[in-house]
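The values are calculated or read from the model by the stated rules, or taken from the named source; none is laboratory data. Quick caveat, the model's predicted, so the values are computed rather than measured. Using ideal geometry, Cβ is built from the backbone for each residue, glycine included, and neighbour counts are taken over all protein chains shown.
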Amino acid sequence: MGDGVSEAVPGQPPVPPWYPNALVEAPCDAARFSAGLPSPWGRLHGWDYTAALSPAWWTTAKTKAWGNWPEKVDRITVVAHTQRAVVIDLDERWTAHLYPFPTGKEVSTLALYSPWAEALKQAPLVMPVAGLHGEHGDILAVFPKHDCVPSTSLVGRADALAEGLGRLHQTLVPHATPNTERRWNDRLKTMEDGLKSTTLWRASHTKHVVGLPSVEVGLDAVVEGEGGLHFVPQPRSVVDRLLAPAERLPGVAMAAKLEQRLALSGAFEGVEARRTFYERWGALLPPAWTSSASVSTVNGGVWIWRYEAILLMLAEARAHGLTDQAAQCDRWLLDVSRIQARLGELRTVHAVRKGALYAAIAAALIGSGPLQVPFIAGSLAVGAAAHLVHRKRTPPPY
């Protein structure tokens, strides 16, 4: 790889984890990335990141560089290949994440958009100090030197991750945007269409489910920091970029992505463990975000976002040839039909509940004669019974 470069891992993996080899069906050759690689989900554009493994590359002028660019670099060490990046060490002063396939400017925007950057100063987030834009978004970001916690050791720290994510989202509450339910549901449809999924799910979220600035987090980009675990922001995944439009998703959607990733690694022993995860996440957030109505499965709640997270993980599994992960996702999706059948039943029960209440009100207002009181009492009884059935049959939120 040239003078000044050493390997911290024994050679580049035959198929790096960031390369979607099962999707593009072509050898991993970075020199071909800029021309674009055809795939069933659209053309995938990248750049020849191997140039950035040479110290000399960093000293040449970069017209689209931003921040405090490390202009003098003497030694580069490849630290790791992750699901979204090639992580390198620069002179033991900085850690740079190279994104072979740019998917947008989500990482750089956190630092360059001053209102968000100011808010995130209080968040458990390792902020980028420099970076470089390409035609399709961020091609790399430079961070203060850090060492990521092995993802395997995070499986037993689900509550700490939830608390960290809650602290992160707390700083972004003033920048929340109103519910965009239709766009969220359209996003689900495009994902289902791309995956040719047999499942179909839409939600009618409450007004308290609001959008947040996108801060992608993952288990392979977490560091030990002051006060607990800190996240290194990540770009959108390649499959997300190919399958769906970018949207401002609610905090619970980001929590569900993290929860499902932990779940497939065996982090939760049961429903109560999941409940604790979401309660830890929501402890510092507006109470309405985790109210019974907001998390109710009837309104989409947590389940709809867990569903989206699984669709993305299924896409990831298909793109990277991860057969075990694909099987886990397929098994999870088998439950979706059961939940949807239950929700269809509940819509009928809700109609009965509402109809009985309206009938009782109408009878009270315009009724007369000896049957009025029994009719009102009967209608209220039917409504009460329907209400009890509705509560009992509603799938629990976790």
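The table below gives the values:
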read-out	value
Residue count, the stretch 273-320 (criterion: without any contact (Cβ under 8 Å) to a residue 60 or more places away in the chain and hydrophobic (A, V, I, L, M, F, W, C))	5
Residue match in the stretch 123-141 (condition: out of contact with any helix residue (DSSP H, G or I) (no Cβ under 7 Å at 6 or more places or on another chain), assigned to a helix (DSSP H, G or I) and surrounded by fewer than 21 Cβ atoms within 10 Å (Cβ to Cβ))	no
Odd one out for Lys257, checked against (1) in contact with a Leu (Cβ under 8 Å, 6 or more places away or on another chain); (2) surrounded by fewer than 21 Cβ atoms within 10 Å (Cβ to Cβ); (3) of a type in the set (D, E, K, R)	(2)
Check on Thr95, farther than 19 Å from Trp69 by Cβ and among the β-branched types (Val, Ile, Thr)	no
3 or more residues of a type in the set (A, V, I, L, M, F, W, C): qualifying strands (runs of 3 or more DSSP E) within the stretch 23-101	76-81, 86-90, 94-98
Some residue of the stretch 144-153 being modelled with pLDDT of 95 or more, among the polar types (S, T, N, Q) and assigned to a helix (DSSP H, G or I)	no
Breaking point among (1) under 24 Å from Met313 (Cβ atoms); (2) surrounded by fewer than 18 Cβ atoms within 10 Å (Cβ to Cβ), for His175	(1)
All helices (runs of 4 or more DSSP H) inside the stretch 229-332 with 1 or more residues being outside the structural domain of Val129 (by TED's automatic domain parsing), hydrophobic (A, V, I, L, M, F, W, C) and modelled with pLDDT of 95 or more	238-243, 251-263, 271-282, 303-320
Some residue of the stretch 219-230 being at positive phi, in contact (Cβ under 8 Å) with a residue 40 or more places away in the chain and surrounded by fewer than 21 Cβ atoms within 10 Å (Cβ to Cβ)	yes
Condition check for Gly42: crowded, with 18+ Cβ neighbours inside 10 Å and either outside the structural domain of Val232 (by TED's automatic domain parsing) or more than 28 Å from the chain's Cα centre (by Cα) (or both)	no
Every residue from the stretch 102-112 that is outside any helix (DSSP H, G or I), surrounded by fewer than 22 Cβ atoms within 10 Å (Cβ to Cβ) and touching a residue at least 40 places away in the same chain (Cβ under 8 Å)	Gly104
